[in-house]
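> Supplied in structure tokens, the structure appears directly below.
The values are calculated or read from the model by the stated rules, or taken from the named source; none is laboratory data. This is a predicted model, so every value here is computed, not measured. Cβ coordinates were reconstructed from backbone atoms using ideal geometry, including for glycine residues, and neighbour counts include every protein chain displayed.
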Amino acid sequence: MSMTWKAAVAGSVAALVALTGCGTSGGAGGSSEGGATSLSLVGFAVPEKANKDIQAAWAKTDAGKGVTWKTSYGASGDQSRAVESGLDADYVHFSLEGDVTRLVEAGLVAEDWNAGETKGIVSQSVVALVVRKGNPKNIQGWDDIVKPGVGIVTPNPGSSGSARWNIMAAWNHVIAQGGTEAEATAFVTKFFENAVALPGSGREATTAFTSGNGDVLISYENEAILARANGEDFDYVVPDDTLLIENPGAVLKDADPKAQRWLDFVLTDEAQAIFGKDGFRPLSGEVDYDVEGANDPSNPFPEPKDLATIGEDYDGWSAVNDTFFDEENGIITKIQAETGKQ
């Protein structure tokens, strides 16, 4: 099955340029002795299963044979700060570009890490609305989640990258319909007023929802698909207007050279198909397999009517972070403070 993506997506799906600056063996995460290599992967929580599945496939190749892994998963911002502070990493897989930029500024990742055709992106999804089985509150889109009596679960943007994707998707819902900044601010204020839980990460938010909190979970589509494949009994809705989630991956400057071979593999059709089977929308856009847990396993990734991107519609994450999430003057930061949802 072939899917037609928005032009902005198509421009970022070929291949990532090989990063320079990979150091000698025995980089930040491990060592290469006698043909054995240990690599350290630090990432945000959501793609843990997909990365494990891709690691298993890579181990069957000549490049990946004999490689062992040390892994650390958690909230994207927290993981990025941990690497900046000294947590061993050969390869990082974060939710937001800014979490890699932090490591560039710290001298840990090469400045040209995102110079390739994918702009450093290794996985992608869309923002979705997860609801209780049977959708008892008839939540079909963004306007339904801000109605009185609807409890929202979403991660906290102070620590979680997925939270920022979620909130920008909610903001964009108003702007995409021709609304003003004031109207979008009012909408997101209602969003936070309805929030009943703001866990630290996307994975923790899913756990909070499946434990009985709230009526709707704002989440990655892939997180909903994976949870359903693992037996969770809920439904999910991809709104007519939503946001393309693009997750970056990068090799650190002093990484074991094998880390670059790993990144090269992550961008192959084989690895992207594994991402697809675990609920992520593959960068190629090609899906010729069923995806367990999807609303329609044979057509798992329907194209939204209006798919916004941070790069095209909001001038990139640097501008978004300054405008919306600045610790003192960000629009969302102020809304959180005013609603007491921090």
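> Quick one: what pairs do we get from region 282-307, first residue outside any loop (DSSP other than H, G, I, E, B), second surrounded by 14 or more Cβ atoms within 10 Å (Cβ to Cβ), C-beta under 6 Å, 6+ apart or different chains?
Pairs found: D306/A176; D306/D241; L307/K6; L307/L244.
> Within region 75-112, track down each residue that is assigned to a loop (DSSP other than H, G, I, E, B) and touching a residue at least 24 places away in the same chain (Cβ under 8 Å).
Within region 75-112, A75, L87, D88, A89, D90, F94, S95, L96, G107, L108, A110, D112 meet the criteria.
> If you don't mind, there's one more thing I want to ask. Take V146 and decide whether it is in contact (Cβ under 8 Å) with a residue 60 or more places away in the chain and either under 28 Å from R281 (Cα atoms) or surrounded by 18 or more Cβ atoms within 10 Å (Cβ to Cβ) (or both). Quick ask: steps written out before the conclusion?
Details: in contact (Cβ under 8 Å) with a residue 60 or more places away in the chain: no; either under 28 Å from R281 (Cα atoms) or surrounded by 18 or more Cβ atoms within 10 Å (Cβ to Cβ) (or both): yes.
When the stated conditions are applied, V146 does not pass them.
> Additional query: Within region 249-265, how many residues are surrounded by fewer than 24 Cβ atoms within 10 Å (Cβ to Cβ) and in contact with a helix residue (DSSP H, G or I) (Cβ under 8 Å, 6 or more places away or on another chain)?
Looking only at that region, the number is 1.
> Mind listing just one residue for me: the one in region 308-342 that is without any contact (Cβ under 8 Å) to a residue 12 or more places away in the chain and assigned to a loop (DSSP other than H, G, I, E, B) and, of those, nearest to the chain's Cα centre (by Cα)?
D315
> Among the residues of region 259-280, is there at least one that is under 18 Å from the mean Cα position of the chain (by Cα) and on the phi > 0 side of the Ramachandran plot?
Yes.
> Name the strands (runs of 3 or more DSSP E) wholly inside region 169-273 in which the number of residues that are in the same structural domain as G107 (by TED's automatic domain parsing) and either closer than 30 Å to A36 by Cα or free of Cβ contacts under 8 Å to residues at least 40 places away in the same chain (or both) is 2 or more.
The strands (runs of 3 or more DSSP E) meeting that bar are 241-251.
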